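Chemist: Pasting in a structure now, in structure tokens, and then I'll have a few things to ask.
The values are calculated or read from the model by the stated rules, or taken from the named source; none is laboratory data. Note that the structure is a prediction, hence the values are computed from the model and not measured. Neighbour counts are summed over all protein chains in view; Cβ atoms, including those assigned to glycine, are modelled from backbone coordinates with ideal geometry.
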Ligand SMILES: C[S@@+](CC[C@H](N)C(=O)[O-])C[C@H]1O[C@@H](n2cnc3c(N)ncnc32)[C@H](O)[C@@H]1O
């Protein structure tokens, strides 16, 4: 049955209302993560009053927050005033398999929240809102606030854990002798790649604040003999002589001039016959209204507001590569991985 104009208008208004108020559920989930509610509820159903005591919160208001979480499907209100964690809510447990707790803490945290609050400034000027609000770039902020850096690094690992095995399976890494994961954080991706290529050796290269936890993670993965963490600044140089350089979610943090400096440093360092590999989202030439395009476009806004980078189209990646003396060879989409692709380039 065709919709009447009035019905169509009502459904358009409902869609727009959900977009306008989209920050509200995000904030509710963030507060739940800050209070560690999922961990406190892990043992079984519990009362709002006891959760208020454990979290030192205002009992009637925590009760209302729990009812908001029930409306979002993160908890069940099993009887009035008593709540149990759902399978969805269990993903907010710290350190649990598939946990997204640090991602919730990061996006709702001060750097992200206040920067998004100034998105209009970024759109008006092109300047990173983080720089506008805090007077420093995103990674300077993380270097200055170690607790925020710890959350950021864990959030990156939570995101990367969702894709690391797909990256390792999508490409034959056993053809290389040594790989450097540039801006590789705590080594989550490197560990998955080395597990898939038993003769490969690797380094995770990052700022001291970025890869401080990598030696522990690599040792725990049984890779201490094949992997190392190297601290440094990719705007100065990257470790020399490897035949593969992989950068996941790094180039999208930077504008074109900065990206060319990073890629040129990889070009200077790469061994003959080596390959440059990026794991990034390749933006479509024409944007449509679809969940995957929405995800890419929202992350592009995130890059604009926070680090001052951007998500790029294939043509834009080709241009960056050319400026850094690489040529794009292949783009391997990673199915069901939030629009990520593995982009392969060769030195020219
Ligand atoms: C968005 S995170 C991605 C981390 C990791 N590749 C992943 O996908 O999980 C960007 C990384 O670049 C690192 N980084 C930022 N500036 C850097 C610099 N100047 N030199 C080296 N690493 C840097 C950050 O510390 C961070 O680990």
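Chemist: Given the condition touching a strand residue (DSSP E or B) at 6+ places or on another chain (Cβ under 8 Å), part of a helix (DSSP H, G or I) and within 24 Å of residue 111 (Cβ to Cβ), answer yes or no: does some residue in region 38-60 qualify?
Modeler: First, the residues of region 38-60 that are touching a strand residue (DSSP E or B) at 6+ places or on another chain (Cβ under 8 Å): 38, 40-42, 44-48, 51.
Applying the additional criterion that residues be part of a helix (DSSP H, G or I) yields 38, 40, 48, 51.
So of that shortlist, the ones also within 24 Å of residue 111 (Cβ to Cβ) come out as 38.
Yes, that holds for at least one residue.
Chemist: Here is a follow-up. I'm trying to understand the selection: among the residues of region 203-253, which are near the ligand (Cβ under 9 Å from one of its atoms), surrounded by 20 or more Cβ atoms within 10 Å (Cβ to Cβ) and not in a strand (DSSP E or B)?
Modeler: 210, 211, 234, 238, 249, 250, 252, 253
Chemist: Counting only residues that are within 17 Å of residue 278 (Cβ to Cβ) and within 14 Å of the ligand (Cβ to nearest atom), which one in region 157-179 is surrounded by the most Cβ atoms within 10 Å (Cβ to Cβ)?
Modeler: My answer is 179.
Chemist: Looking at region 119-135, can you tell me whether even one residue there is at pLDDT 95 or above, within 11 Å of the ligand (Cβ to nearest atom) and in contact with a helix residue (DSSP H, G or I) (Cβ under 6 Å, 6 or more places away or on another chain)?
Modeler: As a first pass, look at region 119-135 and keep what is at pLDDT 95 or above: 119-135.
Next cut, within 11 Å of the ligand (Cβ to nearest atom) only: none.
No: zero hits.
Chemist: Return yes or no: is residue 152 touching a strand residue (DSSP E or B) at 6+ places or on another chain (Cβ under 6 Å), at pLDDT 95 or above and crowded, with 19+ Cβ neighbours inside 10 Å? Talk me through it step by step, then tell me what you get.
Modeler: On the way: touching a strand residue (DSSP E or B) at 6+ places or on another chain (Cβ under 6 Å): no; at pLDDT 95 or above: yes; crowded, with 19+ Cβ neighbours inside 10 Å: yes.
In short, no.
Chemist: Filter region 281-323 down to the residues that are part of a loop (DSSP other than H, G, I, E, B) and within 16 Å of the ligand (Cβ to nearest atom), then identify the one that is farthest from residue 256 (Cα to Cα). Outline the logic, then answer.
Modeler: Step one: of region 281-323, the residues part of a loop (DSSP other than H, G, I, E, B) are 284-290, 306-311.
Pick out the ones that are also within 16 Å of the ligand (Cβ to nearest atom) and you get 306-311.
Numbers: 306: 16, 307: 13, 308: 10, 309: 8, 310: 9, 311: 11 Å.
So, considering only residues that are part of a loop (DSSP other than H, G, I, E, B) and within 16 Å of the ligand (Cβ to nearest atom), the one farthest from residue 256 (Cα to Cα) is 306.
Chemist: Answer with yes or no whether residue 182 is modelled with pLDDT of 95 or more, more than 9 Å from the ligand (Cβ to nearest atom), under 21 Å from the mean Cα position of the chain (by Cα) and crowded, with 20+ Cβ neighbours inside 10 Å. Steps first, please.
Modeler: Values: modelled with pLDDT of 95 or more: yes; more than 9 Å from the ligand (Cβ to nearest atom): no; under 21 Å from the mean Cα position of the chain (by Cα): yes; crowded, with 20+ Cβ neighbours inside 10 Å: yes.
It is false that residue 182 is modelled with pLDDT of 95 or more, more than 9 Å from the ligand (Cβ to nearest atom), under 21 Å from the mean Cα position of the chain (by Cα) and crowded, with 20+ Cβ neighbours inside 10 Å.
Chemist: Which residues, counting only those in region 277-294, are in contact with a strand residue (DSSP E or B) (Cβ under 8 Å, 6 or more places away or on another chain) and exposed (fewer than 12 other Cβ atoms within 10 Å of the Cβ)?
Modeler: Of all residues in region 277-294, those in contact with a strand residue (DSSP E or B) (Cβ under 8 Å, 6 or more places away or on another chain) come to 277-285.
Matches in region 277-294: 285 only.
Chemist: If you don't mind, another one. State all residues of region 185-202 that are within 23 Å of the chain's Cα centre (by Cα) and outside any loop (DSSP other than H, G, I, E, B); if no residue qualifies, say none.
Modeler: Selection gives 188, 189, 190, 191, 192, 193, 194, 195, 196, 202.
Chemist: Moving on. Please go through region 61-95 and give me each residue that is in a loop (DSSP other than H, G, I, E, B) and without any contact (Cβ under 8 Å) to a residue 12 or more places away in the chain, ordered by number.
Modeler: The initial filter retains those residues of region 61-95 that are in a loop (DSSP other than H, G, I, E, B), namely 73-74, 80-81, 86-88, 93-95.
If the condition is that a residue be in a loop (DSSP other than H, G, I, E, B) and without any contact (Cβ under 8 Å) to a residue 12 or more places away in the chain, then 80, 87, 95 are the ones that fit.
Chemist: Right, another one. Among the residues of region 156-172, what is the count of those that are out of contact with any strand residue (DSSP E or B) (no Cβ under 7 Å at 6 or more places or on another chain) and more than 25 Å from residue 112 (Cβ to Cβ)?
Modeler: The number of residues fulfilling the criteria is 5.
Chemist: Going residue by residue through region 281-299, is there one that turns out to be within 23 Å of residue 173 (Cα to Cα) and within 16 Å of the chain's Cα centre (by Cα)? Give the steps one after another, and end with the answer.
Modeler: Just the residues of region 281-299 that are within 23 Å of residue 173 (Cα to Cα), to begin with: 281-282.
Remaining after also requiring within 16 Å of the chain's Cα centre (by Cα): 281-282.
Checked against the condition, which is being within 23 Å of residue 173 (Cα to Cα) and within 16 Å of the chain's Cα centre (by Cα), region 281-299 yields at least one hit.
Chemist: Can you find a residue in region 136-147 that is assigned to a loop (DSSP other than H, G, I, E, B), in contact with a helix residue (DSSP H, G or I) (Cβ under 7 Å, 6 or more places away or on another chain) and either in contact (Cβ under 8 Å) with a residue 12 or more places away in the chain or more than 30 Å from residue 31 (Cβ to Cβ) (or both)?
Modeler: Yes, some residue in region 136-147 is assigned to a loop (DSSP other than H, G, I, E, B), in contact with a helix residue (DSSP H, G or I) (Cβ under 7 Å, 6 or more places away or on another chain) and either in contact (Cβ under 8 Å) with a residue 12 or more places away in the chain or more than 30 Å from residue 31 (Cβ to Cβ) (or both).
A quick yes/no check of all residues on (1) surrounded by 15 or more Cβ atoms within 10 Å (Cβ to Cβ); (2) modelled with pLDDT of 95 or more; (3) over 25 Å from residue 190 (Cα atoms):
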site	(1), (2), (3)
269	yes, yes, no
272	no, no, no
303	yes, yes, no
308	yes, yes, yes
317	yes, yes, no
320	yes, yes, no
333	no, yes, no
347	yes, yes, no
